[in-house]
1. With respect to ALA134, is the statement that it is touching a Phe, Trp or Tyr at 6+ places or on another chain (Cβ under 6 Å) and outside the structural domain of TYR317 (by TED's automatic domain parsing) true?
2. Between residues in the stretch 299-322 that are closer than 16 Å to TYR95 by Cβ and modelled with pLDDT of 95 or more and residues that are of a type in the set (Phe, Trp, Tyr) and in a helix (DSSP H, G or I), which pairs lie under 6 Å by C-beta distance while being six or more apart or on different chains?
3. What pairs come up if the first residue lies in the stretch 140-154 and is of a type in the set (Ser, Thr, Tyr), the second is outside any strand (DSSP E or B), and their beta carbons are under 8 Å apart, counting only those six or more places apart or on different chains?
4. Going by what's in this entry, would VAL217 be described as touching a Pro at 6+ places or on another chain (Cβ under 9 Å) and of a type in the set (Val, Ile, Thr)?
5. Which condition number in (1) in contact (Cβ under 8 Å) with a residue 12 or more places away in the chain; (2) under 20 Å from the mean Cα position of the chain (by Cα) is the one that SER50 fails?
6. Inside the stretch 144-189, can you point out the residues that are hydroxyl-bearing (Ser, Thr, Tyr) and assigned to a strand (DSSP E or B)?
7. Please go through the stretch 198-232 and give me each residue that is surrounded by 15 or more Cβ atoms within 10 Å (Cβ to Cβ), over 30 Å from THR291 (Cβ atoms) and out of contact with any helix residue (DSSP H, G or I) (no Cβ under 7 Å at 6 or more places or on another chain), ordered by number.
8. Just to verify a result, which residue in the stretch 306-342, among those that are more than 22 Å from ARG161 (Cβ to Cβ) and touching a Leu at 6+ places or on another chain (Cβ under 8 Å), is surrounded by the most Cβ atoms within 10 Å (Cβ to Cβ)?
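The values are calculated or read from the model by the stated rules, or taken from the named source; none is laboratory data. On a predicted model such as this, the values are computed, not experimentally measured, just so you know. Cβ placement follows ideal geometry from the backbone for every residue including glycine, while neighbour counts extend to all protein chains displayed.
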Amino acid sequence: MEERKILIIYTGGTIGMVIDPETNSLVPFDFENVSKHVPELRRFDFQVRSISFEPLVDSSDMNPEIWIKLVGIIEENYSQFDGFVILHGTDTMAYTASALSFMLSNLKKPVILTGSQLPLGTIRTDGKENLITALEIAAAQKNRQALVPEVCIYFKDKLFRGNRTTKYNAEHFHAFRSDNYPPLAEAGIHIKYNYPYIRYTMLNGTFRVAKKMDTNVALLRIFPGINKDVVRAILNAPNIKAVVLETYGSGNAPTKKWFLEAIKEAVDKGLIILNVTQCLAGSVEMWRYETGVHLLELGVVSGRDMTTEAAITKLMYLLANADSIEEVKTNLNKSLQGEIYI
């Protein structure tokens with residue numbers, strides 16, 4: 001049987017740091033020599049190759065141009081490798097995972113994002129286990145078919161669907177959660193795959209990569225006492241085509257006249273408003289309470305149980321790649337890559 005090959009794409013982030021003995025400060029290391037820092041990689045029964053961004057990117061500086069670069073690298077190497085592991089800073093990892101899930105169509109190979117809270121060069125690093133297990137999952141096959149042909153995040157013993165994941169903790173090794181969707185796999189003594197929840201593309205379509213994203217999207221998180229000038233400033237920002245509205249609970253928002261009028265004016269002029277909940281778990285159900293019914297009647301689109309990260313990146317993807325606003329709205333109500341519950 002042909003030997004499997006996995007490609008590591010190192011974008012930057014904490015995981016790729018080691019301590020410089022001369023300055024005692026953290027510096028990035030050359031991932032071409034990753035096996036020096038993680039000698040366990042030599043024991044795998046598959047090949048591991050790596051590509052590093054130059055310059056490296058702090059995850060706080062992550063943007064759609066870098067996502068396009070990432071999917072380009074995957075596209076160029078798709079036929080040569082059986083899976084991909086992207087090393088990424090944790091702060092925006094869920095945004096990148098969500099974006100890539102939409103940009104990579106008919107994906108039949110694993111794309112696993114991981115990173116760490118402590119650098120590989122520190123004694124108590126969580127990076128080594130995260131990297132080793134992410135690689136093992138990326139290479140896992142049955143009958144030459146990938147076990148998890150999705151864009152995922154692996155972190156501290158759990159594999160999550162990328163567009164269902166949110167970073168919730170800046171300190172603990174359990175940094176990510178997926179409250180609205182079960183883990184795709186859990187790593188203990190053995191890696192246990194939750195097959196009923198893994199998305200397998202049944203279509204025989206050709207692998208396709210989208211290389212356009214439209215950033216004319218805004219985020220409006222409501223809060224008690226929110227100023228009407230702030231709301232109007234966001235809804236009327238130049239060139240904005242869509243707004244993700246983060247509401248309370250199951251999709252509820254203020255019923256003040258000025259707020260509803262601002263929403264109505266925005267929708268009437270063609271702005272797409274996508275309603276997601278501020279809660280980590282649960283779904284937008286605008287029909288449940290009067291405060292949500294008002295939004296529904298005004299033409300606000302339900303984001304159902306999408307994460308904010310998925311909502312923003314899905315809008316960027318659809319605005320850039322759909323043929324019309326109606327197509328955008330239609331696809332917002334569809335699960336394109338398992339990002340909402342149907």
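1. Yes.
2. From the stretch 299-322, the pairs are GLU309/TYR95; LYS314/PHE102; TYR317/PHE102.
3. Pairs that qualify, where the first residue is of a type in the set (Ser, Thr, Tyr) and the partner is outside any strand (DSSP E or B), are TYR154/ASN130; TYR154/THR133; TYR154/ALA134; TYR154/ILE137.
4. It is false that VAL217 is touching a Pro at 6+ places or on another chain (Cβ under 9 Å) and of a type in the set (Val, Ile, Thr).
5. For SER50, the failing item is (2).
6. TYR154, THR166
7. Result: ILE198, ARG199, PHE207.
8. Going through the qualifying residues, I end up with VAL328.
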